[in-house]
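Undergrad: What follows is a single structure, and I will ask about it in a moment.
The values are calculated or read from the model by the stated rules, or taken from the named source; none is laboratory data. The shown structure was predicted, so the numbers you read here are calculated from the model rather than taken from an experiment. Every residue, glycine as well, gets a Cβ built from its backbone with ideal geometry; the counts of neighbours run over all protein chains shown.
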Amino acid sequence: TALLEQAEKNIRNNLPPFDTIEDEIRKYERKIQREKEFIEMMRQKLYNHGLCPDEDDKFYVINNVRTTSIPRPNAYIPENNGNGISGELPIAKPYGIYAPFKPYEKTPHLRHYHKAVNKPIVI
């Protein structure tokens, strides 16, 4: 009760109720600022529908996975066969299991391997 009476007395004198209240307010303001920064960071990451290239190290974030692989198309736009209004884009169709193949570039360590040379058979 003495603590409560002291707090009421401080409020009547236009002082903060407790000496530690100012520190707690600063901590709370820092917490709010950190949360705002985190929200802004997540908004930047989710920019461009979850695909955000990091310009520094050439990584992509696809489905919350950090990778160096270049994203590939998963659908195609069919040719307009005259069944629609001209200038109208048709609905994209997914490739399914017949997605186009895109070979990888050769890695530097493969330079040590040479292609096999077929020697002629002498009988």
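Undergrad: With 57, 23 as the choices, which residue is out of contact with any strand residue (DSSP E or B) (no Cβ under 9 Å at 6 or more places or on another chain), at pLDDT 70 or above and not hydrophobic (A, V, I, L, M, F, W, C)?
TA: Details: 57 fails: at pLDDT 70 or above.
The conditions single out 23.
Undergrad: Let me ask something else about it. Quick one: what pairs do we get from segment 16-39, first residue among the charged types (D, E, K, R), second in a loop (DSSP other than H, G, I, E, B), C-beta under 8 Å, 6+ apart or different chains?
TA: 22/16
Undergrad: Same structure, new question: Would it be correct to say that residue 99 is surrounded by 10 or more Cβ atoms within 10 Å (Cβ to Cβ) and either within 28 Å of residue 45 (Cβ to Cβ) or modelled with pLDDT of 70 or more (or both)? Write out each step before concluding.
TA: Details: surrounded by 10 or more Cβ atoms within 10 Å (Cβ to Cβ): yes; either within 28 Å of residue 45 (Cβ to Cβ) or modelled with pLDDT of 70 or more (or both): yes.
Yes; evaluated as a whole, the condition is true for this residue.
Undergrad: List the pairs whose first member sits in segment 66-87 and is modelled with pLDDT of 60 or more, whose second member is of a type in the set (Asp, Glu) and surrounded by fewer than 10 Cβ atoms within 10 Å (Cβ to Cβ), and whose Cβ atoms are under 9 Å apart, counting only residues at least 6 apart or on separate chains?
TA: 68/57; 80/88
Undergrad: Which members of segment 101-123 meet the condition of being closer than 30 Å to residue 76 by Cα and either in contact (Cβ under 8 Å) with a residue 24 or more places away in the chain or over 26 Å from the mean Cα position of the chain (by Cα) (or both)?
TA: Residues of segment 101-123 that are closer than 30 Å to residue 76 by Cα, as a first pass: 101-107.
102, 106, 107, listed by residue number.
Undergrad: With respect to residue 45, is the statement that it is modelled with pLDDT under 85 and at negative phi true?
TA: Details: modelled with pLDDT under 85: yes; at negative phi: yes.
Taking the combined requirement at face value, the residue satisfies it.
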